[in-house]
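> The structure under discussion is supplied below as structure tokens; questions concerning it will follow.
The values are calculated or read from the model by the stated rules, or taken from the named source; none is laboratory data. Since this is a predicted model, take the numbers as computed values, not measurements. All Cβ positions, glycine included, derive from the backbone under ideal geometry; neighbour counts span all protein chains shown. Heads up: the accessible areas ignore ligands, DNA and RNA and are worked out on the full protein's heavy atoms, side chains in. Shrake-Rupley method; radii C 1.70, N 1.55, O 1.52, S 1.80 Å.
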Amino acid sequence: METSIKQTAGIDCGMQELVVSFGSLFSNANFICKSTKAFANTTKGFKQLLQWIAEISSKETTVLYIMEATGVYHEKLAYYLISNDCRVSIVLPNKVNAFAKTCTSKKQDDNQASKVLAEFGCVKQLDEWQPPHPLFVNLKQLTREKRQLQQELTLIKNQLHAEQTKAITSASSIKRMKARAKLIEKQVIEVEKEIINLVNQDASIKEKIDKVCTLPGVGLQTVVTVIAETNGFNLIRNSRQLVSYAGLDIIQKQSGTSVRGRSHISKRGNPHLRQCLYFPSFTAVKYNMPMQNLYHRITERQAIKMKGYVAVQRKMLMLIYTLWKKNEGYNTSIKFLEQPVEAALTELD
């Protein structure tokens, strides 16, 4: 009888239900999904899940629990499994979707999704998930809240401007809009103060943030957003991976001599990273000579300014990563942890 060399539990997480498929990879490279079962997405359901896995799994090989990073429905289960010394991997949906296209079954339901996750975990080498630093969790929540408040404030101000410009205005509507704008402005200040207080609680992290902030164009809010969204670059192995995670990697469509599509960034990544670098890239081009030179090199080849700013955003993100890892302040002669991706930057041409 063939012995299993790898065991996985693929978990499709819903708001109320967890659909779990248990599978094994054998030494002859065959994958078999042994069983599928549903559990409640509650602490009681988590206990039942572990009991079920203990009954059907082999004691010779540890089980890897795999789930997608979609929404927040997987978080309680992930923390529960880690607290029970289980191995957990949380994967990006786009990678699982690409793998699902190679599977024979074309069904699309919760059972099939969990089976795909189980097989994906068996045939791929996945990084194991570790709970993020509590400080980074709080910073992520606060930075996202601040951005949402700023978007709401912009919307209200635009509506207020439109109402005040109309031929016939409503005094009561204008009064309420001004009151809402004032409340949101107050809340933005409160969130900013809370972010600063959190950073000041950890001296080592504050020191690293202060050093990264020496990069022209990069302020406290940008740095805390980047480290919060990446969990302090915990699972980031190199700058290429970071650029891909942010969705700033270059996609080219080229085949032979006839197919030559325009290159563009994928945008298949964390949108919060791209958003937090948008305005700092304008400041960097204005006050940072190397960034200014990069911007002009890109825009001189073709008159599309945004491509130059995207290239600056990429390089700023890589510099933030390098400064954080090296725990150094910025200087114009700084070298990357690996070869700089200058060639990739010019692909935007």
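> Which residue pairs have Cβ atoms under 6 Å apart, sit 6 or more places apart or on different chains, and have a first residue in region 164-184 that is closer than 14 Å to residue 152 by Cβ and a second that is outside any loop (DSSP other than H, G, I, E, B) and open to solvent by less than 70 Å² (accessible area, probe 1.4 Å)?
If the second residue must be outside any loop (DSSP other than H, G, I, E, B) and open to solvent by less than 70 Å² (accessible area, probe 1.4 Å), the pairs left are 177/156; 177/160; 180/156; 181/156; 184/149; 184/153.
> From the residues in region 33-60 that are hydroxyl-bearing (Ser, Thr, Tyr), in contact with a strand residue (DSSP E or B) (Cβ under 7 Å, 6 or more places away or on another chain) and open to solvent by 30 Å² or more (accessible area, probe 1.4 Å), which one is nearest to residue 4 (Cα to Cα)?
Out of the qualifying residues, it is 58.
> From the list 53, 5, which one is of a type in the set (Val, Ile, Thr) and part of a helix (DSSP H, G or I)?
53
> Oh, and also: Quick check on region 177-207: of everything there that is among the charged types (D, E, K, R) and closer than 28 Å to residue 285 by Cα, which residue is most open to solvent (accessible area, probe 1.4 Å)?
So, considering only residues that are among the charged types (D, E, K, R) and closer than 28 Å to residue 285 by Cα, the one most open to solvent (accessible area, probe 1.4 Å) is 207.
> Given the criteria farther than 19 Å from residue 115 by Cα and in contact (Cβ under 8 Å) with a residue 12 or more places away in the chain, does residue 43 qualify?
Judged against the criteria, residue 43 is a match.
> I've got another one for you. Within region 139-150, identify whether any single residue is hydrophobic (A, V, I, L, M, F, W, C), over 17 Å from the mean Cα position of the chain (by Cα) and open to solvent by 40 Å² or more (accessible area, probe 1.4 Å), and answer yes or no.
no
> From (1) in contact (Cβ under 8 Å) with a residue 12 or more places away in the chain; (2) open to solvent by less than 70 Å² (accessible area, probe 1.4 Å); (3) not in a helix (DSSP H, G or I), pick out the condition that doesn't hold for residue 73.
(2)
> Would region 111-124 turn up any residue that is open to solvent by less than 40 Å² (accessible area, probe 1.4 Å) and more than 27 Å from residue 62 (Cβ to Cβ)?
So far as region 111-124 goes, no, none of its residues is open to solvent by less than 40 Å² (accessible area, probe 1.4 Å) and more than 27 Å from residue 62 (Cβ to Cβ).
> Counting only residues that are touching a helix residue (DSSP H, G or I) at 6+ places or on another chain (Cβ under 9 Å) and in contact (Cβ under 8 Å) with a residue 60 or more places away in the chain, how many does region 94-119 have?
Within region 94-119, residues that are touching a helix residue (DSSP H, G or I) at 6+ places or on another chain (Cβ under 9 Å) and in contact (Cβ under 8 Å) with a residue 60 or more places away in the chain number 4.
> Okay, next question. Please give the number of the condition residue 104 fails out of (1) open to solvent by 60 Å² or more (accessible area, probe 1.4 Å); (2) hydroxyl-bearing (Ser, Thr, Tyr); (3) in contact with a Gly (Cβ under 8 Å, 6 or more places away or on another chain).
(3)
> Filter region 76-88 for residues that are open to solvent by 50 Å² or more (accessible area, probe 1.4 Å) and touching a residue at least 40 places away in the same chain (Cβ under 8 Å) and give the result.
Selection gives 79, 87.
> For residue 168, all conditions in the list (1) among the aliphatic types (A, V, I, L, M); (2) farther than 27 Å from residue 315 by Cα; (3) modelled with pLDDT of 95 or more hold save one; what is the number of the exception?
Status for residue 168: all satisfied but (3).
> Right, next: Residue check: is residue 210 within 28 Å of residue 127 (Cβ to Cβ) and open to solvent by 10 Å² or more (accessible area, probe 1.4 Å)?
No.
> Having 1 or more residues that are closer than 30 Å to residue 186 by Cβ and at pLDDT 95 or above is the bar; report the helices (runs of 4 or more DSSP H) wholly within region 79-165 that clear it.
134-165
> Now a separate question. If I filter region 257-274 for residues that are at pLDDT 90 or above, under 22 Å from residue 211 (Cα atoms) and either small (Gly, Ala, Ser) or surrounded by fewer than 17 Cβ atoms within 10 Å (Cβ to Cβ) (or both), do I get at least one hit?
The answer is no; no qualifying residue exists.
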